[in-house]
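Asker: Pasting a structure here, questions to come.
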Amino acid sequence: MPITRRDFLISGSLSLAAGALSPVLLQAEKTKPSPHTDLGDWESVRREFELAPDYIHLALFYLASHPRAVRQAIEQYRARIDANPFVTVETSIFEPTSENIPLQVCRSIANYIGGNPQEIALAQNTTTGLALLYHGLPLREGDEILTTTHDHYVHHESIRLATGRCGATWRKIPLFGSFNSISPDEIVGRIRKAIGPKTRAVGVTWVHSSSGVRLPIPRIAQRLAEVNAGRDEKDRVLLIVDGVHGLGVEDPKITALGCDAFAAGTHKWMFGPRGTGFVWAKPAVWGSMRPVIPTFTSPDIFEAWAQEREPQGPARAAWFSPGGFQAFEHYWALPEAIRFHQSIGPGRITARIHELNGQMKEGFARMPHVQLYTPRDENLSAGIVCFDVKGMKPEEVVKRLLGQRIVASTTPYRVSYARVACSIVNTSGEVEAVLRAIRNLA
């Protein structure tokens, strides 16, 4: 019989003990710390968080607060690990498929995004997810990755490091000339015009943290499909999306966007455990790639190592989930954050976030001393609103707001703006309080 990691590490009475404990430890889908509160109104939703009540929180997209169900799930798993670390962890991540917690986490994510659990790799954040994708691409010398001037540092840096190791190149283009005239046609047209014969991937961001602009990903995907129709499979152009500021805000069925690969952290708009995220990609994309970090979630990789042979391909998503010892209690609690969203209703969440941020944008647009950068068109925006107060640096605006217990932020880019973001914990009254504070900065 082939050796497995579980055979290698556990034997005799310890294996029997693990088997006896497995019904208690391994069913992540059944680990519900307590029944959810009625989340039918937004005040009930806010009470699920331990946010400081004397602040207006408009930067939770940076790092979220955990709702009650997530806090309790983390604590339950932490207590189990503290009580019996070896048995709990060993049986939870190396058990048969039906009892494996990482797979159950993938199932929960797949249910939310509309994909297949076998298409999901677990990662600690968007940064790790993008690095896994770009470093795993089968790039050749002379190949090119096309991206935009609007993407975040970690997106650009993942591309730079990946292309620099194989003789490939990368290029950045602007997607619009003015914030006053952004249109889907212009965005898609600029990307199509920039694609050359050596372009092998286009890397974009669903919702820009630099400006709040939301890209028309389905239209971009459609145009790339037209390009690929005339190319050999080895030369096709992949669409890779940083989706962290769209996940938890827009329609969660990201597999319907048409992209080839999607990376996102779940500790922002999803209110998931800190240090959790995932990568989704089409099976053919995974199959063409090479893993970067040894994994613990695929027994066949361990078996190949034990037998001193190469793993039998093609590669699949599980091969790309980074292994090693992690904050397991956080990852195992991720399904609770997804259930929290589903209990509220993704459609309700989208409508609420757009409503509050629409109110904020309309208020800014009426102020002569404010320059609004985020499109007022909700088809081109999501939950982030970027602006300037004329005559003041963004850092000063944020500092003045914090003095009034309003938590805002600045965009970490070469050209920086002030930034606010309403989520499901905010209220219309809080938006009006922020607008009053900005008016008084005139």
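Asker: Within the range 230-241, count every residue that is within 14 Å of the chain's Cα centre (by Cα) and open to solvent by 10 Å² or more (accessible area, probe 1.4 Å).
Answerer: Summing the residues that are within 14 Å of the chain's Cα centre (by Cα) and open to solvent by 10 Å² or more (accessible area, probe 1.4 Å) in the range 230-241 gives 0.
Asker: Also: Can you give me the number of residues within the range 416-442 that are under 24 Å from the mean Cα position of the chain (by Cα) and over 25 Å from residue 41 (Cα atoms)?
Answerer: 4
Asker: Report, by residue number, each residue of the range 280-299 that is among the hydroxyl-bearing types (Ser, Thr, Tyr) and either surrounded by fewer than 18 Cβ atoms within 10 Å (Cβ to Cβ) or over 16 Å from residue 134 (Cα atoms) (or both).
Answerer: Across the range 280-299, the qualifying residues are 295, 297, 298.
Asker: Then there is this: Give all pairs with beta carbons closer than 9 Å in which a residue from the range 48-61 that is of a type in the set (D, E, K, R) meets a residue that is modelled with pLDDT under 95 and part of a strand (DSSP E or B); count only pairs at least 6 apart in sequence or on separate chains.
Answerer: Correct list of pairs: empty, since none qualify.
Asker: Given the conditions (1) under 23 Å from residue 152 (Cβ atoms); (2) buried (at least 23 other Cβ atoms within 10 Å of the Cβ), report the number of the one that residue 426 does not fulfil.
Answerer: Residue 426 satisfies every listed condition except (1).
Asker: A further question follows. Just wondering, is there one or more residues in the range 171-178 that are at pLDDT 95 or above, closer than 12 Å to residue 240 by Cβ and not polar (S, T, N, Q)?
Answerer: Among the residues of the range 171-178, not one is at pLDDT 95 or above, closer than 12 Å to residue 240 by Cβ and not polar (S, T, N, Q), which makes the answer no.
Asker: Another question, if that's okay. Could you please find all residues in the range 378-395 being in contact with a Leu (Cβ under 9 Å, 6 or more places away or on another chain) and either aromatic (Phe, Trp, Tyr) or in contact (Cβ under 8 Å) with a residue 60 or more places away in the chain (or both)?
Answerer: Of everything in the range 378-395, those that are in contact with a Leu (Cβ under 9 Å, 6 or more places away or on another chain) and either aromatic (Phe, Trp, Tyr) or in contact (Cβ under 8 Å) with a residue 60 or more places away in the chain (or both) turn out to be 380, 383, 385, 386, 387.
Asker: Same structure again: If you go through the range 78-105, how many residues are surrounded by fewer than 17 Cβ atoms within 10 Å (Cβ to Cβ) and part of a loop (DSSP other than H, G, I, E, B)?
Answerer: Residues that pass the stated criteria total 2.
Asker: What tally of residues in the range 378-418 results from selecting those that are touching a Pro at 6+ places or on another chain (Cβ under 6 Å) and open to solvent by less than 20 Å² (accessible area, probe 1.4 Å)?
Answerer: 2
Asker: Here's another thing I want to ask about it. Of all residues in the range 22-49, which are modelled with pLDDT of 95 or more and outside any loop (DSSP other than H, G, I, E, B)?
Answerer: 42, 43, 44, 45, 46, 47
Asker: Quick check on the range 330-347. Is at least one of its residues open to solvent by 40 Å² or more (accessible area, probe 1.4 Å), within 22 Å of residue 268 (Cβ to Cβ) and at pLDDT below 95?
Answerer: no
Asker: Still on this structure, please answer the following. Output the number of the condition that residue 314 fails; it satisfies all remaining conditions of (1) surrounded by 17 or more Cβ atoms within 10 Å (Cβ to Cβ); (2) modelled with pLDDT under 95.
Answerer: The number of the failed condition is (1).
Asker: Let me ask something additional. Of these, 83, 73, 52, which one is under 27 Å from the mean Cα position of the chain (by Cα), modelled with pLDDT of 95 or more and more than 18 Å from residue 273 (Cα to Cα)?
Answerer: The conditions single out 52.
Asker: If you take the residues of the range 47-77 that are crowded, with 17+ Cβ neighbours inside 10 Å and of a type in the set (Lys, Arg), which of them is farthest from residue 356 (Cα to Cα)?
Answerer: This residue is 71.
Asker: Let me ask something else. Scan the range 133-146 and tell me whether some residue there is within 30 Å of residue 344 (Cα to Cα) and out of contact with any helix residue (DSSP H, G or I) (no Cβ under 7 Å at 6 or more places or on another chain).
Answerer: Scanning the range 133-146 turns up no residue that is within 30 Å of residue 344 (Cα to Cα) and out of contact with any helix residue (DSSP H, G or I) (no Cβ under 7 Å at 6 or more places or on another chain).
The values are calculated or read from the model by the stated rules, or taken from the named source; none is laboratory data. Predicted model, so just to flag it, every value in this text is computed and none were measured. Note that each Cβ is placed from the backbone with ideal geometry, even for glycine, and that neighbours are counted across all protein chains shown. We work out accessible area using only protein heavy atoms, side chains counted, and drop any ligands, DNA or RNA first. Shrake-Rupley method; radii C 1.70, N 1.55, O 1.52, S 1.80 Å.
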